[in-house]
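The values are calculated or read from the model by the stated rules, or taken from the named source; none is laboratory data. As the structure is a computational prediction, the values presented were derived from the model and not from experiment. Here the Cβ is made from the backbone with ideal geometry for all residues, glycine too, and neighbour counts use every protein chain on show.
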Amino acid sequence: MEDCLFCKIAAGEIPSEKVYENEYVYAFKDIDPQAPFHVIVIPKKHIKSAADITPENSIEVAKIFEAISEIAAKEKLEKGFRVVNNCGSDGGQTVNHMHFHLLARRNLQWPPG
Ligand code: 5GP
Ligand code: ZN
């Protein structure tokens, strides 16, 4: 998708601080963290928002949550975390590429282990 910030970040065209990556998913530090641990998890495939999930693309959501549990284990978030999705302008979404905020009251170890 042209002119999509998060598509460009996933493609490496715009730099980001990568925390995790696999075939489906890319995760990186939020530029303006709202918690000591604040990572954005996105599908590499462009999906505008959670309102655009269909039976044809819902595998992307499953892959995101698989990645979140892997990140949580790797980053030792054993005491827990929050997953937040803002959907649409009334939901506070500012970047129109679906993403999940992964937040915890614990510092992100950097660089990730
Ligand atoms: P939203 O408000 O759409 O749920 O979340 C967008 C998030 O993307 C915000 O938390 C914002 O700080 C983050 N963000 C926006 N632009 C960039 C960027 O260029 N790099 C990184 N790493 N994060 C960004
Ligand atoms: Zn995109």
Quiz item: Of everything in the stretch 26-44 that's of a type outside the set (V, I, T), surrounded by fewer than 16 Cβ atoms within 10 Å (Cβ to Cβ) and within 11 Å of ligand 1 (Cβ to nearest atom), which residue is farthest from F81 (Cα to Cα)?
Solution: D32
Practice problem: Would you check if I68 is modelled with pLDDT of 95 or more and touching a His at 6+ places or on another chain (Cβ under 7 Å)? | Solution: no
Practice problem: Out of the residues in the stretch 1-25 that are closer than 19 Å to I47 by Cβ and within 11 Å of ligand 1 (Cβ to nearest atom), state the one that is surrounded by the most Cβ atoms within 10 Å (Cβ to Cβ). | Solution: F6
Practice problem: Test each condition in (1) more than 16 Å from T94 (Cα to Cα); (2) among the hydrophobic types (A, V, I, L, M, F, W, C); (3) touching a residue at least 12 places away in the same chain (Cβ under 8 Å); (4) surrounded by fewer than 18 Cβ atoms within 10 Å (Cβ to Cβ) for A73 and report the one that comes out false. | Solution: (3)
Quiz prompt | Matching residues in the stretch 76-108 - criterion: being surrounded by 13 or more Cβ atoms within 10 Å (Cβ to Cβ) and away from ligand 1 (no atom under 16 Å from the Cβ) | solution = L77, R106
Practice problem: Could you run through the stretch 71-104 and say how many residues are under 12 Å from the mean Cα position of the chain (by Cα) and assigned to a loop (DSSP other than H, G, I, E, B)? | Solution: 6
Practice problem: Those residues that are within 16 Å of ligand 2 (Cβ to nearest atom), surrounded by 18 or more Cβ atoms within 10 Å (Cβ to Cβ) and within 26 Å of N107 (Cα to Cα), I need them from the stretch 45-70; list them, please. | Solution: K63, I64
